């Protein structure tokens, strides 16, 4: 709270004052319901996706920020939260406010949640680590006492304590208020990261009113039943330094079950086990305050993945000693307004605009900074490095299997400089990792999660979309080498399935057989691996052509067609499907379209459509465009013709399943674009929305949100490695994509509303366009796309076979 309102207050008065402060925050200028927002951050609801498996977090963070200060909830188990990122809207009890988070990760728990700081009302008389059921050192809360806005988070607890948090990119500031008539403490639960910890340490310096320490942790997806033990390892150390505006009235530490009042140092991790093997372990410290004459505690905290000096420097540089929560929060809101202002929309209902700008917000939370203000960062080799020449910052948190399908295209389109720094960051990691590009990079760790080669698809897409501020020649050579030169890890089953260490598993066999054989592939699933690698090789081939690398273009282009080798035209009496094969060429049986044997987090019914690089070829394999379109109809509808778009049926579309999220847009290439328009609009209207359950499933580091952003604009990336865009029906009357260093893309659809979900005609830069896609021109050079929308489908527009997407 501001210093002017500090002083003794009762618990009732405390809550009343806090609510008044929440209401009295600086008001943003009102905007017309249909005009472009001047302050788009005011339209964002960070609680969207915090329930129903969306696994978003509501806490304070900035675009691409290192700090993400958000609650760690509890359901009565100190080693779990019930949510992948530590918070679920339906769980209204917390054990701390953690400094780091990852948006929408799928594993439960996912990652981070480091150093929960808990405002505790009462005397610390026992070890918080011994409170294994979170019965004592935790507190209930009501959503009526919770407020989340971009860059700021406020929460009132049933204990009478309250936290008001705001962040910069690498630091944070907080006002903690307490009842005036009870003991007040802040607990630093240094070992209690979401997945546990190998070690942790806390130091309390009462003379200088400072608490510092670190946690050694990692273990992303480390609790997976299918091989997770492979990731129960440490790969980063988060350091923190917190300073206070007032003296401590008491201090103490704990280790496992032992509490030590007066102690100023403690160490000890929880381990990475589950349940009873981890419960009761760990360390931390507390500082107490006398709330009788002053019940407000002001804290500034910096973090670093390098060292304590880095955390302190980040704090000094980013948050001044006298900075208030209001001041830091206002700067954060301005940062979000700049970021979200890259897309200005006109029209649409209030709910639609909130859904859209929240999706854009979630899309641009990542990648995340891991370098300090002086440029230093810890690499995948755990050594300290500095960014490459021309690179502004080192980024991490790459959910490759998810992000390469939509989120990285949105990043390249709106923030190409960040995209280039991210590309260079991934290349830096690969060089520090023996030339291996990991599929899922968390901080400075290779986690091996999922399947395929998403780095190839990602960097090829960046380059195709005009991103040039990275060593693209070096990165290309490295990725081609990974795709063509076998690595010893490719013959290991460590971590399989789900976290197989080989990035191109059993590559020699793949190159020889032209598919990943299920019985010897050392991968999650042979059919999925083949389909993923074919997409990656198609992207490399496109990149090679842009670079003038003819031999690589030819070789990778041929491999892009390997998807055909796992398409069994006789899989069922009703038609062909993707199906896993053995090394001897025989098909893996028993088989059914709803089977996941040979696939990764999906079924054959979904994966069969995962050929975005060759939709024409897939249609021919199915018996022609008409046959393929009928099969696609059945993928989105039940037998009675009703929509089936929410998942749960292994034979039909699952909006939470990445291999199929592009499927609604395939009608464009099948000559029936009005069905894309109808299907996409149905998804926008019924699967996405406002409220905590407003996402269909894991946001997967912005992937599902990016799908919404593109689809609401009436655009979608055609295939990885390409700058081409598929066209649909916008939901806004106008959208301006204001891109730094490039000409705007303006999408004009004056008749767009809920009653006009179809495209009647399109003009590109004033010229009629009778096809449902654009080439790279608008992406690279900007332009104006004018769409005339209609209440009924125009079954003639963009249906000429010669003009279908290539």
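The values are calculated or read from the model by the stated rules, or taken from the named source; none is laboratory data. Given the structure is predicted, the values throughout are model-derived calculations rather than measurements. Heads up, the Cβs are rebuilt from the backbone with ideal geometry, glycines too, and the neighbour counts pull from every protein chain shown.
Checking the condition surrounded by fewer than 24 Cβ atoms within 10 Å (Cβ to Cβ), part of a strand (DSSP E or B) and touching a helix residue (DSSP H, G or I) at 6+ places or on another chain (Cβ under 9 Å), which residue from 147, 182, 169 passes? Just a single option satisfies the conditions, and that option is 147.
Report yes if residue 742 is surrounded by fewer than 22 Cβ atoms within 10 Å (Cβ to Cβ) and within 22 Å of residue 669 (Cβ to Cβ), otherwise no. Against the criterion (surrounded by fewer than 22 Cβ atoms within 10 Å (Cβ to Cβ) and within 22 Å of residue 669 (Cβ to Cβ)), residue 742 does not qualify.
The single condition from (1) assigned to a loop (DSSP other than H, G, I, E, B); (2) crowded, with 19+ Cβ neighbours inside 10 Å that residue 174 fails is (1). Here's a check for you: in the stretch 195-212, which residue that is assigned to a loop (DSSP other than H, G, I, E, B) and out of contact with any strand residue (DSSP E or B) (no Cβ under 7 Å at 6 or more places or on another chain) is surrounded by the most Cβ atoms within 10 Å (Cβ to Cβ)? In this case the residue turns out to be 208. Can you say whether residue 570 is surrounded by fewer than 19 Cβ atoms within 10 Å (Cβ to Cβ) and either assigned to a strand (DSSP E or B) or at pLDDT below 95 (or both), as far as the supplied structure shows? Here the answer is yes, as residue 570 does meet what is asked.
The residues of the stretch 53-79 that are without any contact (Cβ under 8 Å) to a residue 60 or more places away in the chain, closer than 20 Å to residue 222 by Cβ and surrounded by fewer than 23 Cβ atoms within 10 Å (Cβ to Cβ) amount to a single one, 75.
What tally of residues in the stretch 257-281 results from selecting those that are surrounded by fewer than 16 Cβ atoms within 10 Å (Cβ to Cβ) and either outside the structural domain of residue 114 (by TED's automatic domain parsing) or farther than 13 Å from residue 213 by Cβ (or both)? Within the stretch 257-281, residues that are surrounded by fewer than 16 Cβ atoms within 10 Å (Cβ to Cβ) and either outside the structural domain of residue 114 (by TED's automatic domain parsing) or farther than 13 Å from residue 213 by Cβ (or both) number 8. In the set 475, 517, 527, 494, only one residue is modelled with pLDDT of 95 or more, out of contact with any strand residue (DSSP E or B) (no Cβ under 9 Å at 6 or more places or on another chain) and either in the same structural domain as residue 562 (by TED's automatic domain parsing) or surrounded by 24 or more Cβ atoms within 10 Å (Cβ to Cβ) (or both); that residue is 475.
So that you can scan it fast, the table gives a plain yes or no per residue for (1) within 23 Å of residue 85 (Cβ to Cβ); (2) modelled with pLDDT of 95 or more:
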{"residue": "157", "(1), (2)": "yes, yes"}
{"residue": "168", "(1), (2)": "yes, yes"}
{"residue": "172", "(1), (2)": "yes, yes"}
{"residue": "185", "(1), (2)": "no, yes"}
{"residue": "195", "(1), (2)": "yes, no"}
{"residue": "202", "(1), (2)": "no, yes"}
{"residue": "209", "(1), (2)": "no, yes"}
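Return a yes/no flag: does the stretch 217-227 have any residue that is under 13 Å from residue 120 (Cβ atoms) and either buried (at least 24 other Cβ atoms within 10 Å of the Cβ) or outside the structural domain of residue 121 (by TED's automatic domain parsing) (or both). The answer is no, given that none of the residues of the stretch 217-227 is under 13 Å from residue 120 (Cβ atoms) and either buried (at least 24 other Cβ atoms within 10 Å of the Cβ) or outside the structural domain of residue 121 (by TED's automatic domain parsing) (or both). Taking the criterion of being more than 9 Å from residue 604 (Cβ to Cβ) and surrounded by 21 or more Cβ atoms within 10 Å (Cβ to Cβ), the only residue of the stretch 573-584 that qualifies is 581.
Only one of the numbered conditions (1) more than 21 Å from residue 532 (Cβ to Cβ); (2) touching a helix residue (DSSP H, G or I) at 6+ places or on another chain (Cβ under 6 Å); (3) part of a loop (DSSP other than H, G, I, E, B) is not met by residue 419, and that is (3).
Residue 402 meets the conditions (1) in a helix (DSSP H, G or I); (2) within 22 Å of residue 58 (Cβ to Cβ); (3) not assigned by TED's automatic domain parsing to the domain that holds residue 474 in every case but one. The failed one is (3). Considered as a group, the residues in the stretch 228-237 that are at pLDDT 90 or above and over 20 Å from the mean Cα position of the chain (by Cα) include one that is surrounded by the fewest Cβ atoms within 10 Å (Cβ to Cβ), and that residue is 234.
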